[in-house]
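Before any comments, here is the structure.
The values are calculated or read from the model by the stated rules, or taken from the named source; none is laboratory data. Here the structure is a predicted model, which means the values were calculated and not measured. Please note: Cβ atoms are built from the backbone with ideal geometry, for glycine as well, and neighbour counts cover all protein chains shown. Quick note on the areas: whole protein, heavy atoms, side chains included, nothing else; ligands and nucleic acids left out. Shrake-Rupley method; radii C 1.70, N 1.55, O 1.52, S 1.80 Å.
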Amino acid sequence: MLTRAASVLVPLFGRLTVTSELRMRLSAGTIFAANHDSLADPAVVLAALRGLGVEPVVMATAGLWRVPVLGRALAREGHIPVHRRSARAAYALDAAAEALAGGRHVLLYGEGGLPDRRDAAPGPPEAFRTGLARLAQVSGALVVPVGHAGARRITSGSTAKQLAGALTAPVRRPRCHVHVGAPRRLPAEAHTGTVAARTAVTVAWRTAARAVGERDVELRLV
């Protein structure tokens, strides 16, 4: 339901294009790691992945499970709540490892949250947490880097600006692009694996940013 809904709604709010370096059928139980810079980007990424035949379970903030209707749909479809900054946070990695072992793909955000920025321009991924690398190590799963740009043109900034952006997006229809990189195996050590994952997602993000017309991406890769 969640992925199908994203595929229907995203074209109403923006113009989505997708490029991919996937050259063969993915093995069961693959991790998709994406940059996270807007409340709209999960829908954009899910719509893009569905177009490639991938419908992953998503690791998302646990607060979404308290939203009527949405929370029930998330639970029914096996998506994974992340209780950030609590003793229960580690349980999300256990649930993700179980999903991977069962052959499901998992989509997660290595940054662990949204950037503290007010502008609508896309920016490179911020520092990653080690959870992605640890999950890849314990599960043995390959990691597919996913970079996207343009979702901040749909909604970003203060609550008022996010609401205004969402309301006007069907008229403005901003360009959104998702680039899916080639699968890779992360280094076993957590710090090295985390750096490698962020680098791969940043490269994918750079491709996506250029596709939506951002010409100064190199200047912001710091």
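Side notes on the structure shown:
- Mean separation of Cα pairs under 8 Å and 6 or more residues apart, divided by the residue count, gives segment 52-196 a relative contact order of 20 percent.
- Measuring how big segment 56-115 is from its alpha-carbon positions, Rg and Dmax come out at 11.2, 32 Å.
- Candidates A60, A90, A151, ranked by Gaussian network fluctuation over the chain, Cα under 10 Å, top entry: A90
- Rounded to the nearest 10 Å², the accessible area of V8 at probe 1.4 Å: 100 Å²
- Computed magnitude of the charge dipole of the chain (debye, nearest 20; Cβ of K, R +1, Cβ of D, E -1): 420 debye
- Trypsin sites (Lys or Arg not before Pro) lying in DSSP loop within segment 1-107, provided at most 10 other Cβ fall within 10 Å: R23, R25, R85
- Note on the chain: dipole from Cβ charges, positive end direction compared against P81, V57, G150; the farthest Cα belongs to G150.
- Debye log10 I(q)/I(0) at q = 0.19, 0.20, 0.21, 0.23 Å⁻¹ for segment 17-128, Cα point scatterers: -1.15, -1.26, -1.36, -1.52
- Computed extension gain for R173 through W65, at 0.36 nm per residue and net of the alpha carbon distance, reaches 36.0 nm.
- Charged-residue dipole, Cβ positions (Lys, Arg, Asp, Glu), segment 1-126 about Cα centre, Debye nearest 20: 360 debye
- Among P56, P68, P145, residue whose mean-square fluctuation peaks in a GNM of the chain (springs only between Cα atoms under 10 Å): P68
- A compact globular protein would have a Cα radius of gyration near 2.2 N^0.38 Å; the ratio found for segment 88-135 is 1.41.
- Normalised contact order of segment 1-129, rounded percent, pairs of Cα under 8 Å and 6 or more residues apart: 34 percent
- Among the trypsin sites (Lys or Arg not before Pro) found in segment 131-222, those both in a DSSP coil and sparsely packed, with 10 or fewer other Cβ atoms within 10 Å of their Cβ, are R215.
- Cα lying deepest toward the dipole's positive end in the chain, options P187, P124, S139, charges on Cβ: P124
- Approximate shape of segment 79-188 as ellipsoid semi-axes (Cα gyration tensor, √5λ), whole Å, largest first: 30, 17, 13
- Shown for the chain are the DSSP H helices of 27 Å or more along their axis, judged by Cα atoms, with a mean Kyte-Doolittle hydropathy of at least -1.0: 190-211.
- Subtracting the Cα-Cα distance of E189 and L12 from 0.36 nm times their residue separation leaves 59.5 nm of extension gain.
- Altogether, the Stokes-Einstein calculation at 20 °C and 1.002 mPa s, with the Kirkwood radius of the chain over Cα pairs as Rh, returns a diffusion coefficient of 123 µm²/s.
- DSSP bridge analysis restricted to the chain gives an antiparallel fraction near 20%, rounded to the nearest 5.
- Among the protein heavy atoms, those of H105 account for about 40 Å² of accessible surface (1.4 Å probe, every chain in place).
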